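Peer 1: Got a structure for you, written out below as structure tokens; questions coming shortly.
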Amino acid sequence: MPLMKYDDVVIPIFDGVDYANWKIRLCKFLEFKKCKEVVIRDKTDADKAEDWNYMEIKAMNYIYSAISNKQLEYVSDLDSARKILLKFDEMYNRQSTALQIVHRSAIENIKLDNYSDVNSFFDSFEKGINDLKAAGAIVKESEKLNYMLKALPSSYSYIGDLIDVLP
């Protein structure tokens, strides 16, 4: 994923993948640049028009600089930073039972034996859990542990027994 760099802050260019993580980074960046307000609420009568418009232009430029050309096609007709993020929320923050089923199945298919190193396994596992949460599921630590234990080879079955006897 290409990167957008301002000062010492680097934000990946959003290309339709990992929206939730990109949005967190973008919102923190906009907060750092003192223009986050325009993406979290609409303008009120109490807001000075000149200040609001300046923040709006800043935020929109930062967003445009942090999205791919394909994503720009979806939002180029929108006239505010808030509308852009709401459009992306609508497109990429889908919460549905069907997606949860797909992500649960994907997590169940993650097996340690299929990875050449443990770090790749944990990266895939965490990504699967994060995708499941993004689909609207509430994943308890005990459920996460159960998925993890299922991913281990049978030669590690004693780990589950050990966990059962720990207080």
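Peer 1: State the number of residues belonging to the range 112-162 that are closer than 21 Å to residue 99 by Cα and within 19 Å of the chain's Cα centre (by Cα).
Peer 2: Residues in the range 112-162 being closer than 21 Å to residue 99 by Cα and within 19 Å of the chain's Cα centre (by Cα): 19 in total.
Peer 1: Quick one: how many residues across the range 7-29 are over 17 Å from residue 127 (Cα atoms), without any contact (Cβ under 8 Å) to a residue 24 or more places away in the chain, in a helix (DSSP H, G or I) and not charged (D, E, K, R)?
Peer 2: So the answer is 1.
Peer 1: With the requirement that a residue be under 17 Å from residue 39 (Cα atoms), surrounded by 15 or more Cβ atoms within 10 Å (Cβ to Cβ) and without any contact (Cβ under 8 Å) to a residue 60 or more places away in the chain, what does the range 52-72 give you?
Peer 2: 52, 55, 56, 58, 59, 60, 62, 63, 64, 67 - these are the residues of the range 52-72 that are under 17 Å from residue 39 (Cα atoms), surrounded by 15 or more Cβ atoms within 10 Å (Cβ to Cβ) and without any contact (Cβ under 8 Å) to a residue 60 or more places away in the chain.
Peer 1: Same structure again: Take the residues in the range 139-167 that are exposed (fewer than 12 other Cβ atoms within 10 Å of the Cβ) and at pLDDT 90 or above; name whichever of them is nearest to residue 94 (Cα to Cα).
Peer 2: Top of the filtered list is 140.
Peer 1: Only one residue in 38, 17, 75 is in contact with a helix residue (DSSP H, G or I) (Cβ under 6 Å, 6 or more places away or on another chain) and either within 30 Å of residue 137 (Cβ to Cβ) or surrounded by fewer than 15 Cβ atoms within 10 Å (Cβ to Cβ) (or both). Which one?
Peer 2: When all the criteria are applied, what remains is 75.
Peer 1: Counting just the residues of the range 76-91 that are assigned to a helix (DSSP H, G or I) and in contact with a Leu (Cβ under 9 Å, 6 or more places away or on another chain), which one comes out nearest to residue 22 (Cα to Cα)?
Peer 2: Step by step, filter the range 76-91, then rank; the result is 85.
The values are calculated or read from the model by the stated rules, or taken from the named source; none is laboratory data. Since we're looking at a predicted model, the values are computed, not measured. All Cβ positions, glycine included, derive from the backbone under ideal geometry; neighbour counts span all protein chains shown.
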